[in-house]
Amino acid sequence: MAETVTMPKLGFDMAEGTLVRWVKSVGESVQKGDVLAEIETDKATVEVESSFGGVMAQHLVEEGAIVPVGAAIAVITAEGEAYTPVAPTPSESAPPATPDEAAIPSQTTLPSPEPAATVPASPLAKRMARENQLDIRTIKGSGPGGRVVRRDIEQYLVARSTAPATVRKELAGISAPPPPMATSISQPPADQIITPDKLRRAISRRMQQAKQQIPHFYITHEYDVEALMNLRKEINRTLPDEQKVSVNDFIVKATALSLRQFPALNASLSNDQIIRHGHIHIGIAVSLENGLITVVCRDADQKPLRLISQEVKEMAARAREGKVRPEEIEGSTFSISNLGMYDVEHFIAIVNPPEAAILAVGSARQQPVVVNGELKVGTRLKATLSADHRLTDGAEAAKFLQTLAYYIENPLQILI
């Protein structure tokens, strides 16, 4: 029986997606769980897996098409099943680049292997450009709105490898430009005009809506993390580098355990109804080259610390490579943003709608503290909870931070 594959909804506010690339060709065998296509959303380029097994019978949309959520994109049939192709449903193609969408070149003219922030390109294309030390600004994009996609990088590499030696040197950037001359203070660099890319525009839109529509309030708590830091050191002493646990792993687990007692903070608002979620899915903010994305550790309250650490590392790596899966970036019920690695004392974060709260975590620092009337050196960490006043109140949020302190300051409880 023929099965229809539809454009998945990869976010509560997603209305459409761009089909960047077909992974499975027509006539190719498909197993359940195989990646069928790469879909670009406002957040990232994700791989869409098949829910069916059989044979790819027909692509209903072309690469580069903008497709509404729920629209049919492909047909998969059983092995040997007769199938008559149907007329593809017309879908919107990417419009020509407009001043809002087009990349406005920087006034800086020196080439660089790093992808220019002003060049529209998929995360995968940017990664391939970095790995091959290409100036992505010199590559013509064939994707929507002139976007550079994987096939453009591959074609460029093929052309470079078959070009005459003199051209290959030029394409490879072997003749490096001279270093820029030092400028005096009276010669400041020229202004740069940069059009935000799709991810940055999505972040801007969501954060503006959050600050305008969510009545935020903030509570900061200082934690004694001396025992946590010592326990982490002991654990990591026995582990290889790639398996070492981070302070953030402890905080993810401690937060998830605390949320069990505070369902109002593990909640979301849907129209006029409050949804208190049974599962505890912690979203962890990950920094990308052109913004940030939240990866989701599902049922974090039920997972051991090392599994949380492993999953977060793997998801963060895929996010930076533009290879995240839909379930890895959607469905969080509470978020954590940690800037401790940047030597930040404390900060406040914006609630990620439709969630009730987000925890902003600073650095663990040695500082003078008073213990039983004596001045000593202690290790302290500050965390600030930003919460939606429509879903919770100050007293409840403060009690949550106190419960979180129990786990952070007694880290063996996290391992039990």
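Of all residues in region 275-295, those satisfying the criterion of being surrounded by 15 or more Cβ atoms within 10 Å (Cβ to Cβ) and at pLDDT 95 or above are His277, Ile280, His281, Ile282, Gly283, Ile284. Among the residues in region 68-79, are any exposed (fewer than 15 other Cβ atoms within 10 Å of the Cβ), on the phi > 0 side of the Ramachandran plot and not assigned by TED's automatic domain parsing to the domain that holds Val295? Yes, that holds for at least one residue.
Set side by side, the residues Glu321, Glu311, Glu345 differ, and just one is of a type outside the set (Gly, Ala, Ser) and within 11 Å of the chain's Cα centre (by Cα), which is Glu321.
Need at least 1 residues that are hydroxyl-bearing (Ser, Thr, Tyr), within 20 Å of Asp249 (Cα to Cα) and out of contact with any His (no Cβ under 9 Å at 6 or more places or on another chain) per element, so show me which strands (runs of 3 or more DSSP E) inside region 310-392 make the cut, counting only ones lying wholly within it.
Correct list: 334-338, 374-388.
Listed by position, the helices (runs of 4 or more DSSP H) contained in region 190-277 that have at least 1 residues being assigned by TED's automatic domain parsing to the domain that holds Leu307, under 17 Å from Asp301 (Cα atoms) and more than 23 Å from the chain's Cα centre (by Cα) are 247-259.
With the structure loaded, tell me whether Pro411 is in the same structural domain as Phe262 (by TED's automatic domain parsing) and out of contact with any strand residue (DSSP E or B) (no Cβ under 9 Å at 6 or more places or on another chain) or whether it fails that test. Taking the combined requirement at face value, the residue satisfies it.
Among the residues making up region 121-159, those that are surrounded by fewer than 22 Cβ atoms within 10 Å (Cβ to Cβ) and closer than 18 Å to Leu288 by Cβ are Leu124, Arg127, Arg130, Glu131, Arg150. Does Lys399 satisfy being touching a Ser or Thr at 6+ places or on another chain (Cβ under 9 Å) and surrounded by fewer than 20 Cβ atoms within 10 Å (Cβ to Cβ)? Judged against the criteria, Lys399 is not a match. Is there a residue being outside any helix (DSSP H, G or I), in contact with a Leu (Cβ under 6 Å, 6 or more places away or on another chain) and more than 17 Å from Asn352 (Cβ to Cβ) anywhere in region 288-302? Checking region 288-302: at least one residue is outside any helix (DSSP H, G or I), in contact with a Leu (Cβ under 6 Å, 6 or more places away or on another chain) and more than 17 Å from Asn352 (Cβ to Cβ).
The values are calculated or read from the model by the stated rules, or taken from the named source; none is laboratory data. Every value quoted in this text rests on a predicted model; they were computed, and no experiment measured them. With ideal geometry, Cβ positions are generated from the backbone for all residues, glycine too; neighbour counts draw on all protein chains shown.
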